1. Within segment A:126-184, list the chymotrypsin sites (Phe, Trp or Tyr not before Pro) lying in a DSSP loop whose Cβ has at most 16 other Cβ atoms in a 10 Å radius.
2. If you take every DSSP beta bridge whose two residues both sit in the protein assembly as shown, what share of them, in percent to the nearest 5, is antiparallel?
3. Provide the FRET efficiency to the nearest 0.05 for the A:Asn12-A:Glu59 pair, computing r from the beta carbons and using R0 = 51 Å.
4. With just the Cα atoms defining each centre, how far is segment B:106-162 from segment A:149-213? Give it in Å.
5. Using Cβ counts within 10 Å as a stand-in for footprinting exposure, how do A:Ile39, A:Ile165 rank, fewest first?
6. Mind listing the phi-derived Karplus ³J(HN,Hα) values for segment B:212-225, rounded to whole Hz, using 6.51, -1.76 and 1.60 with θ = phi - 60°, and x for any glycine or proline?
7. With a point put 7 Å past each Cα toward its Cβ, work out how far B:Val83 is from B:Ser149 in nm, to one decimal.
8. Just want to confirm a number: the relative contact order over chain B, from Cα pairs under 8 angstrom separated by 6+ residues, in percent.
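Nothing in this text is a laboratory measurement; each read-out follows from the coordinates by a stated rule. It should be emphasised that the depicted structure is a prediction, and the values quoted were computed from it without experimental measurement. For neighbour counting, all protein chains shown are included, and Cβ atoms are generated from backbone atoms with ideal geometry for every residue, glycine included.
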Amino acid sequence: MEAFYELLKNFNFLLIGAWETLKLTSFSVGIGLILGTFIGMGRLSRYRIINYPCTAYVEFLRGTPLLVQISIIYFGLPQVGIQLAPYPAAVTALGLNSGAYIAEIVRAGIQSIPRGQYEAARSLGLTHWQSMRYIILPQAFRNILPALGNEFITLTKDSSLASVIGVSELMRSGQFVISRTFQTFSIYFGIAFIYFIMTLVISRIVRYAERRLSVG
Amino acid sequence: MNQQATNSAASQEILRIENLHKRFGNLEVLKGVNLSVRRAETIVIIGPSGGGKSTLLRCINRLEEYQGGKIFLDGVDIQQIDVNKLRTRVGMVFQQFNLFPHMNVLQNLILAPIKVKNMSKEQAIEKAHLLLQRVGLLDKIYAFPEQLSGGQKQRVAIARALMMDPEVMLFDEPTSALDPELVGEVLDVMKNLAESGMTMLVVTHEMGFARDAADRIVFISNGVVEEEGPPEQILKQPQKQRTKEFLRRILE
Ligand SMILES: Nc1ncnc2c1ncn2[C@@H]1O[C@H](COP(=O)(O)OP(=O)(O)O)[C@@H](O)[C@H]1O
Ligand SMILES: [Mg+2]
């Protein structure tokens, strides 16, 4: 009873943390989208000088733990003279990380568009970039919307790792509450519940957007 | 032939293909194609599948690069022309239409003129109206491709290519993906276009169209021009054994 009371009493505080989690995730996915779009296109380039670095980027970031990546950026970079505050460090790490996953999603999305679309665009005199911008990417993004939604959900959960460098998102807020109330069970359970509701709502929004787009 | 005749013949020539060679890896697809096309001429290209007809068309607007030989557009080597500029001068219509499914008919038409030729939006829309009227689809101007029949899609694709005011139009089996009852409406549009003086290279198996609309039939097999001539001659009295066999198979 006591445990439940503490959870209720601190629920607003946790919700503020949840809002921070949502912002942190959104910023990171925003960066990841921009990065992933270019790297995903770069992966398909026939020029090795573009293709290889993009492939290396994707392989490296997908092949190493996010916690290690966050640590490199927050604890490692200061040794070579680059000092980032916790929040920018978290956004950077999460953005770079999701950029790699989104690059793979974008690459698959581009490859799902029939070759004839690109050729028709080029045959009208559009440049490679114009063809990508007006013809290929709009169709690709429509196809990959569910996958991007999944990436957003994954990153919402993974952003909890930012707590280790002191970003006051949901996880960190919960730990703070625990340090004062010692109610580990109810508070951690409350955190899980809030994460669950967030991801549920996001997946519903994505599904709704998907249906709207497939009609148009 | 006297000098004057030679000159006027030369000035009539809009497209010239000289000893064109094209390989895909080790596979030699074009083995020295020669072809001269006069302004306003309609050429129908026929030949067995895999003979290199599509590849030839795609070399002309440089969707494919070639390893040997030269192609001249209005006397200028196309390698000397900016590739995007070249493609506004040589329009292409594909077997699969390739309309942009996320855009309506009007948007399909006006995108390239606005982005490539810097045409104003008003001007592009006006031109789109004229061309859609010409292909008989003005009432579909706000339709999306998925709402159109195959024949309507192909007519939109033709109008889209015409938006760039091309000097030459390439058609790669434009009716092969259509249900038989929809072939006629597309061929009618193409016949009108041919009569209006457009220079056209048409790969097709529609021998009726070849007979009625072609100034010349070119038979391509195994990567070379086996035989060419006016429709009556090629269809009635082919000289080469390969041509005879091909026509017998396709006409039965
Ligand atoms: N992109 C490509 N890569 C490899 N081989 C190709 C490619 N395009 C066409 N070919 C080959 O070139 C030959 C000629 O093809 P194509 O020009 O399409 O013939 P046609 O249009 O007369 O049927 C075929 O053997 C085909 O398999
Ligand atoms: Mg072909």
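1. Working: sites: A:Trp129, A:Tyr134, A:Phe141, A:Phe152, A:Phe176, A:Phe182; in loops: A:Phe182.
The qualifying sites are A:Phe182.
2. Details: 21 of 38 bridges.
Roughly 55 percent of the DSSP beta bridges within the protein assembly as shown come out antiparallel.
3. Numbers: r = 43 Å, r/R0 = 0.84.
FRET efficiency, A:Asn12 to A:Glu59: 0.75.
4. The distance from the Cα centre of segment B:106-162 to that of segment A:149-213 comes to 49 Å.
5. On the way: A:Ile39 24, A:Ile165 20.
In order of increasing Cβ crowding within 10 Å: A:Ile165, A:Ile39.
6. Those phi angles translate into 7, 10, 7, 7, 8, 10, 10, 9, 10, 8, 6, x, 9, 6 Hz.
7. The modelled label-to-label distance comes out at 3.8 nm.
8. Values: 433 pairs, mean separation 65.8, N = 252.
Worked out over chain B, it gives 26 percent.
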